[in-house]
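What follows is calculated from the coordinates using simple rules that are stated; it is not laboratory data. Treat the numbers as computed from the prediction; the structure is a model and nothing was measured. So basically every Cβ, Gly included, is an ideal-geometry build from the backbone, and we count neighbours across all protein chains shown.
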Amino acid sequence: MSSTAILGAWIAVFLTLGIFSYLYKDNPFYKTAEHLFVGVSAGYWTSIFFWTQIQPNLFGRLWPSKEFSADTIWYKIYNGLSFFSSSVFPEGGIDKGHDMHLIYLLPFALGVMMLLSLIPKISWFARWGIAYTVGMAAGLRAYGYLNSNVIGQIKGTAASFADPNLPFFSLTSPSIFNSIVILVGTITGLLYFYFSREHKGVLGKISKVGIYFLMISFGASFGFAVMGRISLLIGRFVDLIKYSGSEYLNATFWVLVIMIIILGYDAFKGSGKSTTVSEDAV
């Protein structure tokens, strides 16, 4: 077993047991694992987003290689940027198959404005970028949600009723009965959120049916989420058992023993301090 694999196993065991140690109480092991996880995740996704979105789709449209000309002022600016980072701005332009679109200077400027929030005196510039981003995202998400979740569901349900080849009842394939259940659940669920009238009489009974559909839906979603988390937990236990072997220098055993000793000493020291304080108070 290579030293790199052994070191990786010890780090994985430490981070896993550090997170589990929160079941005892908040402690330095948990805080260390938590901060490492948040920091590494933020750095990883920032790097992924930059190299998959900003560099090819923004810079690749501002300085495409197919229109490269070293004599123009625009590409002289690019050569100046390439001096600082040749990996981000490679020689000869960025070859991502895009044409030049200087309109992308607008989102570039808005992105820079959002970064100006780090400077208190001119942080108000960030409002422009945030307002544009929130408004654009709201419009795109609203259209996509209505098109896929609302209109698509209505079309799918209507098509099921119009298909003469569908059986009336089936648990393993589309059927008219399944379409009726979807239709009733959708209508009653929407009527539950209709608050212009008090939920009494017929409306109250229909709303109650909607509550049942909503609770079944929430319960199923929660069940799937718990199943996913349990599978992750099982995966961590499998790794802990694997890393307890002699080929990994019994990493799980030694890390667990060291953590128990340190946390036990900290608890004993804390109880001694509390006893001293209570005696002084008396």
Restricting everything to alpha-carbon atoms, can you work out Rg to Rh for the stretch 212-264 with a Kirkwood hydrodynamic radius? 1.32
So if R0 is 35 Å, what FRET efficiency would M136 and M227 give, r being the distance between their Cβ atoms, rounded to the nearest 0.05? 0.50
Modelling each spin label as a point 7 Å along the Cα-to-Cβ direction, I'd like the F253/M1 distance in nm, to one decimal. 1.2 nm
Principal axes first, then extents: for the Cα atoms of the stretch 106-162, list largest minus smallest coordinate on each axis, whole Å, largest first. 63, 18, 11
Two-site label geometry, K25 and F37: point separation in nm, points 7 Å out along Cα→Cβ: 2.1 nm
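Which order results if F89, F224 are arranged by neighbouring Cβ count within 10 Å, fewest first? Intermediate results must be reported in sequence, preceding the final value.
Numbers: F89 20, F224 10.
Starting with the residue having the fewest Cβ neighbours, the order is F224, F89.
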For a label point 7 angstrom out from the Cα of L115 toward its Cβ, which stretches of the stretch 39-61 have the backbone nitrogen within less than 16 Å? 46-60
Can you compute log10 of I(q)/I(0) for the stretch 83-241 with the Debye formula, treating each Cα as one identical point scatterer, at q = 0.10, 0.17, 0.19 Å⁻¹? -0.82, -1.10, -1.21
Of G185, G264, G129, which is the most mobile in a GNM of the chain whose springs link Cα atoms less than 10 angstrom apart? G264
Positive-end residue, the chain charge dipole about Cα centroid, Cβ charges, pick of G93, T188, Y243: T188
Using DSSP to define loop residues, name the chymotrypsin sites (Phe, Trp or Tyr not before Pro) in the stretch 96-202 whose beta-carbon has at most 15 other beta-carbon atoms within 10 Å. F168, F169, F193, Y194, F195
Extension gain from K76 to I216, taking 0.36 nm per residue of separation minus the Cα-Cα distance: 44.2 nm
Strictly over 28 Å apart at the Cα level, which of K96/K155; K25/K242; K155/K200; K76/K96 would you flag in this model? K96/K155; K155/K200
The extension gain from Y145 to Q53, computed as 0.36 nm times the residue separation minus the Cα-Cα distance, is 30.8 nm
Which helices of the chain meet both criteria: a Cα extent of 30 Å or more along the helical axis and a mean Kyte-Doolittle score no lower than 0.0, with helices taken as whole DSSP H segments? 28-49, 201-242, 251-281
Based on Cβ point charges of +1 for Lys and Arg and -1 for Asp and Glu, what charge dipole magnitude is obtained for the chain about its Cα centre, in debye rounded to the nearest 20? 820 debye
Measure of size requested: the Rg and Dmax of the stretch 3-121, with Cα atoms as the atom set and Å as the unit; please supply both. 21.4, 67
Computed E for I241/V209 - FRET, C-beta separation, R0 51 angstrom, nearest 0.05: 0.60
Qualifying trypsin sites (Lys or Arg not before Pro) in the stretch 198-263, DSSP loop, other Cβ atoms within 10 Å at most 15: K200
I need the Kirkwood Rh of the chain: take the reciprocal of the average 1/r across all distinct C-alpha pairs and report it in angstrom. 26.7 Å
What ranking do 57-65, 41-49 get when scored by the average of other Cβ atoms within 10 Å per residue, highest first? 57-65, 41-49
